[in-house]
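Reviewing the structure listed below.
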Amino acid sequence: MAAPGTLYYRLPGDQYGVLRVDALGTNARVTSLPELGAGGVTGYTVEGSDAWLSGPVPFAESWLGAWVVLLDAGGGELGVYEVVDLDATGRVRLAGAAGTLAKGEDGAILHP
């Protein structure tokens, strides 16, 4: 059995590391992270197994490495995808998101 604590590690070749915070059953407080934004999907283009996504305003660099939750028009979750690239127009590339939205389908973007 280990003690509660925080562990950060980064493997060779990883762009980002992993942060694990474990309270080990103690009464820990929850830290809410700020939402980067939410809104309707205004553009969706498939590229290989990924998808480029546009929102009502251009995405900022702070989205790189973030995870996006795609919802259908009824609020049902379509999937959670990592933002792996940002282009000059403010679109983000979501890893593995090809085929998530059908052409003309409404969707919402959220950062959990």
*Mind counting the residues in segment 35-53 that are small (G, A, S) and crowded, with 19+ Cβ neighbours inside 10 Å?*
1
_Candidate set from segment 17-72 (those that are in a strand (DSSP E or B) and small (G, A, S)); member that is modelled with the lowest pLDDT_ = A38
_Counted residues, segment 78-97 - those being over 13 Å from the mean Cα position of the chain (by Cα) and either at pLDDT below 85 or part of a strand (DSSP E or B) (or both)_ = 0
*Report whether or not V84 is β-branched (V, I, T), under 29 Å from L19 (Cβ atoms) and surrounded by fewer than 14 Cβ atoms within 10 Å (Cβ to Cβ).*
no
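The values are calculated or read from the model by the stated rules, or taken from the named source; none is laboratory data. This is a predicted model, so every value here is computed, not measured. Cβ: placed from backbone, ideal geometry, glycine included. Neighbour counts: every protein chain shown.
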